[in-house]
Structure formats: C-alpha cells, structure tokens
C-alpha cells in the first residue's frame, strides 16, 4: 500500500515531538517552525498537519507566548492503523477500479473482482497496523514519558 507524503510527515511530526519531549522529560512545547526545521519540511505543511493531529487527539496545542505543540496524554497508545486512516482520508484508488471499463459503472467492490481483491488487501494492511500503537514504532532511543502513554 502507498502512503501519502502528508501521512509520512504526520507520523514523523509525532515521532519528533515524542523525541523532544522525552529529552526534556515532557516539559517542552515546540512550535511548527521548530518541528519543520528538525524535519527539513515546510513550516506551512507542518502547521497544517499539526492542526489535523490536534483534531484527531494525538497532539495538543496551547496558544500564546508560552504556547506550542505537545503530545496529548495517552496519545502514543493510539492505534497506528487508525492514525494512518485519519491522515490518509478516503482512499479513492479502489473506487477507480470500480469505474474502470472492466467493471460496470456503479458496481460495488463485491461485484468487481479486482476492486474486491484490493479492498481485502487494504483491510488486511490496516488490520495489521491496528495491532500496533504509535509507541510500538518509536525508535529505540526514544523513551516516552509516562504522560505520553497514560490516558489523560
């Protein structure tokens, strides 16, 4: 399966925040600019993804002079598959096969063998990722704080 660059960057943002907060023992808030510099990414793109991650509940943001972005309490226990689904949005690639000349327009994926095969593969892909949490994919050198793992 192919993940978008935005999804990859979204996951990298979470990992970078976990890394920085672990080093500072949870007390550090970062800005989108700090994160974009660390990841060599566009500050605008990082800010947009950080906002989406706040909506999902992975990050929390605080406005003001001492504001910034942090990992939400318990966020590292969030299922990886669910995070990727949220960041990817609706996958229309399978829908393209349903409307191909080899599948009748409007046929559901259950009536189009190629689309149903791809749908089953996609479900297995996400099922495997749902068995993992964000904490499971952190590099070994990152030791999350208890707050990152505990429900808030």
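For residue 50, indicate whether it is part of a helix (DSSP H, G or I) and at pLDDT below 95.
When the stated conditions are applied, residue 50 does not pass them.
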TODO: Would you check if there is a residue in region 70-78 being assigned by the TED database to the domain that holds residue 19, over 14 Å from residue 7 (Cβ atoms) and without any contact (Cβ under 8 Å) to a residue 24 or more places away in the chain?
DONE: no
Task: The one condition in (1) part of a helix (DSSP H, G or I); (2) farther than 19 Å from residue 141 by Cβ; (3) modelled with pLDDT under 90 that residue 22 fails to fulfil - done: (2)
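Show me the helices (runs of 4 or more DSSP H) found entirely inside region 54-144 where at least 3 residues are at pLDDT 90 or above and farther than 30 Å from residue 23 by Cβ.
Of the helices (runs of 4 or more DSSP H) lying wholly inside region 54-144, those with at least 3 residues that are at pLDDT 90 or above and farther than 30 Å from residue 23 by Cβ span 113-130.
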Task: Checklist (1) in contact (Cβ under 8 Å) with a residue 24 or more places away in the chain; (2) assigned to a helix (DSSP H, G or I); (3) farther than 30 Å from residue 127 by Cβ applied to residue 28, failing item - done: (2)
Task: Selected residue [under 18 Å from the mean Cα position of the chain (by Cα) and surrounded by 15 or more Cβ atoms within 10 Å (Cβ to Cβ)] from 17, 3 - done: 17
- [ ] Test residue 3 against the stated conditions and say whether it is part of a helix (DSSP H, G or I), farther than 18 Å from residue 147 by Cβ and touching a residue at least 40 places away in the same chain (Cβ under 8 Å).
- [x] no
- [ ] Say whether the condition of being in contact with a helix residue (DSSP H, G or I) (Cβ under 9 Å, 6 or more places away or on another chain), under 23 Å from residue 131 (Cβ atoms), in the same structural domain as residue 4 (by the TED database) and free of Cβ contacts under 8 Å to residues at least 60 places away in the same chain is met by at least one residue in region 35-50.
- [x] no
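The values are calculated or read from the model by the stated rules, or taken from the named source; none is laboratory data. Given the structure is predicted, the values throughout are model-derived calculations rather than measurements. Glycine also receives a Cβ, built like all others from the backbone with ideal geometry; neighbour counts cover every protein chain displayed.
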